[in-house]
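A.B. asks: Next up is a structure, given as structure tokens.
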Amino acid sequence: MFAGKNEAFAITLKMPERTQKLLKAQEKPIETIRKRMNAMLRSVDLQHLPLVLTLEATRPGDVLHLHGVIIPRGCSLERIQTAMRSAVGYIEGHSGSRQFFAKEISNAEGWLDYLLKDQAHTRKLLKLANKKELWFVSQRMTQAVREDYEAKRLALHNPANFDMPPKSNVI
């Protein structure tokens, strides 16, 4: 799991009721999240951060929120928090202090299981054709994972004794 090996943070981002209502009324709610998140991250020069988000509805109550993974690459979590809260709309008062939560990933497989746990329920609630419509993966995350995969793939194809001269077939 790429993120778990790259100082990534598991994140949760709650949304105000007005944003939840907007998303529940849309045909492609994750597209709205993607556009708003990309615009806000660009506006504060954080577009380079690898990011994955998934939309989830809590049971009971069907409260929409986001879970995901971000690799801060030296950026402060406070700066990331401000941008992400702004992208979805601020929750006012004491609840706003718990709107964004981030914790360094120590169990990547466990966090992935958590991200997947309510996908079927959320998809059904939002009347989406498939689970892919619940996910936003930034271009930077796709690029970083692809580069990591290619580096590992190429390393596997290098011969074990790369520095050794070839053996002679002559006896």
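The values are calculated or read from the model by the stated rules, or taken from the named source; none is laboratory data. Bear in mind that the values here come from a model prediction, so they are computed numbers and not experimental data. Don't worry about glycine lacking a Cβ; one is built from the backbone with ideal geometry, like all the others, and counts go over all protein chains shown. The accessibility values were calculated without ligands, DNA or RNA, using every heavy atom of the protein model including side chains. Shrake-Rupley method; radii C 1.70, N 1.55, O 1.52, S 1.80 Å.
A.B. asks: Counting Lys +1, Arg +1, Asp -1, Glu -1, what net charge surrounds N107 among other residues with beta carbon under 14 Å of its beta carbon?
C.D. replies: It works out to a net charge of -1.
A.B. asks: Taking only complete DSSP H runs, can you tell me which helices of the chain stretch 18 Å or more along their own long axis by Cα positions and average at least -1.0 on the Kyte-Doolittle scale?
C.D. replies: Once both thresholds are applied, what remains is 29-43.
A.B. asks: Evaluate the charge dipole of region 1-89 about its Cα centre and quote only its size in Debye, nearest 20, assuming +1 on the Cβ of each Lys and Arg and -1 on the Cβ of each Asp and Glu.
C.D. replies: Roughly 140 debye for region 1-89.
A.B. asks: Only one of the listed values, (i) 16.0; (ii) 18.5; (iii) 17.8, was derived from the coordinates as Kirkwood radius over Cα pairs in Å; which label is it?
C.D. replies: (iii)
A.B. asks: I want the local charge near G4. Using Cβ-Cβ distances under 15 Å, sum +1 for each Lys or Arg and -1 for each Asp or Glu among the other residues.
C.D. replies: With Lys, Arg at +1 and Asp, Glu at -1, the net is -2.
A.B. asks: Further, regarding this structure: What's the magnitude of the charge dipole for region 47-106 around its Cα centre, counting Lys and Arg as +1 and Asp and Glu as -1 at the beta-carbon? Answer in Debye, nearest 20.
C.D. replies: Dipole of region 47-106, to the nearest 20 debye: 120 debye.
A.B. asks: For region 97-157, which whole-number percentage of the solvent-accessible area (1.4 Å probe, protein heavy atoms only) is attributable to carbon and sulfur atoms?
C.D. replies: Carbon plus sulfur share of accessible area: 54 percent.
A.B. asks: A follow-up question, please. Mean separation of Cα pairs under 8 Å and 6+ residues apart, divided by the residue count of the chain: what relative contact order is that in percent?
C.D. replies: Computed value for the chain: 34 percent relative contact order.
A.B. asks: Further question on the same structure: Straight distance only, please: which lysines reach the Cα of K117 with their own Cα at less than 23 Å, same-chain residues fewer than 8 apart left out?
C.D. replies: Partners found: K5, K14, K21, K24, K28, K103, K127, K131, K132.
A.B. asks: Here's another thing I want to ask about it. Out of region 7-102, which GluC sites (Glu not before Pro) are coil in DSSP terms and have no more than 16 other C-beta atoms within 10 Å?
C.D. replies: Counting only loop positions with at most 16 other Cβ atoms within 10 Å, the GluC sites (Glu not before Pro) in region 7-102 are E7, E27, E92.
A.B. asks: Checking the cross-link filter: which aspartates and glutamates have an alpha carbon closer than 18 Å to that of K124, excluding same-chain neighbours under 8 positions apart?
C.D. replies: Once the sequence-local aspartates and glutamates are set aside, what remains near K124 is E27, E31, E56, D62, E133.
A.B. asks: Another question about this same structure. Using the Cα centre of the chain as the reference point, and only Cβ charges (+1 on K/R, -1 on D/E), how large is the resulting charge dipole? Debye, rounded to the nearest 20.
C.D. replies: 520 debye
A.B. asks: Same structure, new question: Would you tally the net charge around L128, using a Cβ to Cβ cut-off of less than 15 Å, leaving L128 out, and scoring K and R as +1, D and E as -1?
C.D. replies: After counting each charged neighbour, the total is +2.
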